[in-house]
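Undergrad: First, the structure itself, so that you have it in front of you.
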Amino acid sequence: QVQLVESGGGLVQAGGSLRLSCAASGSGFSINTWAWYRQAPGNERELVARISSGGNTNYVDSVKGRFTISRDNAKNSVHLQMNSLELEDTAVYYCYALVNFQGSRNMYQFWGQGTQVTVSS
C-alpha cells in the first residue's frame, strides 16, 4: 500500500504563488507517473499537470506558463509550483500517483486526500 500526503495549500491573493507538495510513503514501489488534479465546487475533477517517469510534462491549457510540475525520485515526491494565481484556480487539489510494485507488472492508482487552494481578489 502507498500513502500520499499533500501539503502547501492555503489562501493567497490573485497574482500570488503557492507551492504544493506530495510525498509517497510505503515500501517496495516506484512511481511511474505523478499528476495533480483539481476540483472546484460544482465542477468535475480535472487534470492540471502530469509528469512521466522520464520527466515529460503535460498541462491543462489554463495553467500553461503559470504552473510547473516537478518530481524528486529520491524522495518519492512531486511538487506543483503555482504562479500568477487567478480566482479560477480556486479548488481542492489532489495528488495522483501511478505506482509499480516490485515483482508485479500491474500498475495501481493512488490519490492524496486533497488540499484546498483559495485565491482571493
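Undergrad: Determine the percent antiparallel among the DSSP beta bridges restricted to the chain, to the nearest 5.
TA: Of those bridges, close to 90 percent are antiparallel.
Undergrad: Also, quick follow-up: Of all accessible surface on the chain at a 1.4 Å probe, what whole percent is carbon and sulfur?
TA: Answer for the chain is 44 percent, counting heavy atoms of protein chains only.
Undergrad: THR57 versus SER30, label points 7 Å from Cα toward the beta carbon: distance in nm?
TA: So the label points at THR57 and SER30 sit 2.3 nm apart.
Undergrad: How much length is gained if the chain between SER7 and GLN116 is pulled fully straight, taking 0.36 nm per residue apart and subtracting their Cα-Cα distance, in nm to one decimal?
TA: Using 0.36 nm per residue and subtracting the Cα-Cα distance, I get 38.3 nm.
Undergrad: While we're here: What does the charge count near VAL92 come to, summing +1 for each Lys or Arg and -1 for each Asp or Glu among other residues with Cβ under 15 Å from its Cβ?
TA: Surrounding charge for VAL92 is -3.
Undergrad: Here's a follow-up. Using a 1.4 angstrom probe, figure out how much accessible area the range 61-102 has per residue, in square angstrom, rounded to the nearest whole.
TA: Heavy-atom SASA per residue in the range 61-102 reads 47 Å².
Undergrad: What number does the chain give for Rg over Rh if you use C-alpha atoms and the Kirkwood radius?
TA: Result for the chain is an Rg/Rh of 0.98.
Undergrad: Still on this structure: With every protein chain kept in place and ligands, DNA and RNA left out, what is the accessible area per residue of the range 1-50? Probe 1.4 Å, answer in Å².
TA: With all protein chains present, the range 1-50 gives 52 Å² per residue.
The values are calculated or read from the model by the stated rules, or taken from the named source; none is laboratory data. The model shown is predicted, which means the values in this text are computed figures rather than measured ones. Neighbour counts are summed over all protein chains in view; Cβ atoms, including those assigned to glycine, are modelled from backbone coordinates with ideal geometry. Surface areas here come from the heavy atoms of the whole protein model, side chains and all, with no ligands, DNA or RNA. Shrake-Rupley method; radii C 1.70, N 1.55, O 1.52, S 1.80 Å.
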